[in-house]
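Bear in mind these aren't lab numbers, they're just calculated from the coordinates by the rules spelled out. Keep in mind that what you see is a predicted model, and the values were worked out from it rather than measured. Reconstructed Cβ throughout: ideal geometry from the backbone, glycine too, with neighbour counts over all protein chains shown.
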Amino acid sequence: MRINAQDPERQKVFTRRTVLFGGGAGLIFAGLAARLYQLQVIDHDKYVQLAIDNQFNRRILTPLRGEIVDRFGKVLASNRQNFRILLVPERTKDLEDAIDRIGQHIEISEDKRARILRQVRRRGVFVPVEIQDNLSWSQFSKLNFELPQLPGAQPDVGDTRDYPYGEAAAFVIGYVGSATETDLSSQENNSQRTLLRQPGFKVGRDGLERTYDEELRGKAGQMQVKVNAHGRVIEELKDEATPPVKGKPLALTIDADLQLAAMEELKGESAAAVVLDAVTGDILVLASTPAFDPNTFNVGVDPTLWKELNQNPYKPLMNKPLSGVYPPGSTLKPVSAIAAQIAGLTTTHRVRCTGKTWFGDRYFNCWKRGGHGVMDMRNSIKHSCDVYYWEIAKTLDVDILANTARKLGLGQTYELGIPGQKAGIFPSREWKRQYYAGQPENQTWFQGETLSAIIGQGAVTSTPLQLAVMAARIATGKAIRPRIVRAIGDLAPPTPDAPLIDIDASYFDVARAGMDAVTNEIGGTAWRSRLTEPEWRLAGKTGTSQVRRITAEERRQGVVKNEDLPWDRRDHALFICFAPVDNPRYACAVVVEHGGGGSRIAGPKAREIMRAVMKKDPASRPAIDPRSLALNSALSAQGG
């Protein structure tokens, strides 16, 4: 259509449309120009950095875990090479076929297969996933040989925890395991969570490994890697790496040689042994049998083995020195003798033992059916006369006995860093009121209960650690406190001097003299368990704690021998001791579950353990300097 130049209205419409369209187009081009200017000039540095970020990724470098060593530097927990096989899904045409091919050489359960597939979905096809770790050298070499027929397989050598003493140190060291979702959620920052997510990274699961996990764990490093547009690593930039920091070493008070000797002595029994330095409180031995091998837990426990460990009546998963609670039996009598003196009796107080005593509505029968005759306080300990203490208990305030027992180490826990420690029980009037809270009719303390408590029976329970502390405190008169960690890294706090116990020092004399007579005088209940070397003179006390009540009918017919009873109905065997008598340095407690008599079973075992201790005399040798330990650890982390 032609526009008539003579038509002014039509001319105006045309001009206006031209201006509008031209202006709109100009605005669009101006916007594009401004945007291009912003991208290329104003935001240039920002997008260069984004491009670099797309080109480079950060890879976490996991640190080596700190070693745990004994008092002289022998390694109890360290790190060893971990041969493992990884799978890079992106390098396979068929992921499940690749898993099947690897499964022809190592076992891959259905659960593990499902885990691998889940990890691939979560992490992506370019991130390696762990198929199996802790491979033997023969398995690892075979997989390397078959590598051309295993698409996507990637052999790898990392590090894992190693426990060279195996079962011997299991309950001291503990073990490590893979991080759980609970572990991840408990971390305060994202960097720690990232570290815990690394393939094969382990955290402390029990024992000192668990308590000191953060110190042992170390700090992660990082390395920049160059990736392509698909996220595949094409180059490692090692010059720009930040190396990881190895975890701090942990130096213990344990003597590895003595620990092995104690474990060997207790072999075949469900038993515990504790040896203390009676001056410093250092725990030299913390033995529990049977035990488990922490190396097995590190590589993953077989379900069959786990079931066997849990169902074993000898309880190989229980840390008996700290978590096992037993009536102390007659090992308590030296404490009862001290309590009797606090109550006002003298050491010359005499009682005639006829083999039984009457109280309430029944006879209490001494372990020696014919009786011991006339006993004073020293000989009551030597011969372990029950009647002597029952006569005292008829008028003794149980709270005096309970307070004395606590001052000497019973009824409490000690800060060691090993989880699961139990306090045991030493009953008192207040304890019974709290125990039967809401049952006023059962809260009254009866004097007959004191007769049971004074010989370490009834409600009284204790741990082997407490019994060792008790022996050390009787020997020295000082309130030593046990410890098991000497140093963390290069930090070794000094051992404070133990204060004197708030008991008249002269009251300990009869307890020590009685224990000396137990092992070193004919007629003492543990005379056969004495150390024959005169310079190692050993003072001890036997104990036999009942796990069942002997009926009057059984007594009339003659008490059934322990060895004729089912194992779990036999008495526990106990023994406490210290040496040398004239200058006490070491204290020991041994408990053999359902072992029978303390003099026959526990005493000889304690004697042999103490013979090994006295022969080595660890207190005479300087312990490892934690500063040199920390330096050696740092050098090993750097490959120096």
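When the chain is fully extended, how far beyond the present Cα-Cα distance does R193 get from D156, taking 0.36 nm per residue of separation?
So the chain would gain 11.0 nm between R193 and D156.
Report the charge-dipole magnitude of the stretch 139-230 in Debye, nearest 20, computed about the Cα centre from +1 at each Lys and Arg Cβ and -1 at each Asp and Glu Cβ. Let's see the in-between values first.
On the way: 10 positive and 13 negative charges, 70 e Å.
It works out to roughly 340 debye.
Gain in length, Q149 to E308, computed as 0.36 nm per residue apart minus the alpha-carbon separation, to one decimal in nm?
53.3 nm
Going down the table (K267/K382; K248/K615; K333/K368; K432/K541; K382/K407), which pairs top 25 Å between alpha carbons? Please list the in-between numbers first.
On the way: K267/K382 29 Å; K248/K615 32 Å; K333/K368 16 Å; K432/K541 29 Å; K382/K407 23 Å.
Flagged as over cut-off: K267/K382; K248/K615; K432/K541.
Once you charge only the Cβ atoms, +1 for Lys and Arg and -1 for Asp and Glu, what is the size of the charge dipole of the stretch 390-532 about its Cα centre, to the nearest 20 debye?
Numbers: 15 positive and 14 negative charges, 76 e Å.
Taking the Cα centre of the stretch 390-532 as origin, the dipole is about 360 debye.
Using packing as a proxy for protection, rank 428-438, 458-468 so that the peptide with the highest average count of other Cβ atoms within 10 Å comes first. Please report the intermediate quantities before stating the final value.
On the way: 428-438: 13.7, 458-468: 26.2.
Put in order of decreasing packing, that is 458-468, 428-438.
Under 20 Å from a point placed 7 Å out from the Cα of T182 along the Cα-to-Cβ direction: which residues of the stretch 302-333 have their backbone N that close?
The answer is 302-303, 306-307, 310, 317-319, 323, whose backbone nitrogens lie closer than 20 Å to the label point.
By counting other Cβ atoms within 10 Å of each Cβ, how are R627, R600 ranked from fewest to most?
Details: R627 13, R600 18.
Starting with the residue having the fewest Cβ neighbours, the order is R627, R600.
Work through the residues other than D361 whose Cβ is under 15 Å from its Cβ and net out their charges, Lys, Arg +1 and Asp, Glu -1.
Values: positive: K356, R362, K394; negative: E449.
My count for the surroundings of D361 gives +2.
Rank-order 491-498, 613-620 by packing density, defined as the average count of other C-beta atoms within 10 Å over each peptide's residues, highest first.
Output ranking for 491-498, 613-620: 613-620, 491-498.
In nm, to one decimal, how far is the D617 label point from the S506 one, both placed 7 Å along Cα→Cβ?
3.4 nm
Arrange M375, M470 by Cβ neighbour counts within 10 Å, fewest through most, would you?
Working: M375 22, M470 25.
Fewest-to-most ranking of M375, M470: M375, M470.
Could you please rank K112, K267, K202, placing first whichever residue has the fewest other Cβ atoms within 10 Å of its Cβ?
Working: K112 16, K267 10, K202 21.
Lowest to highest Cβ neighbour count: K267, K112, K202.
For Q447 and R406, compute 0.36 nm times the residue count separating them, minus their Cα-Cα distance, and round to one decimal in nm. Don't skip to the end; give the middle numbers.
Numbers: separation 41, 0.36 × 41 = 14.76 nm, distance 1.99 nm.
Length gained between Q447 and R406: 12.8 nm.
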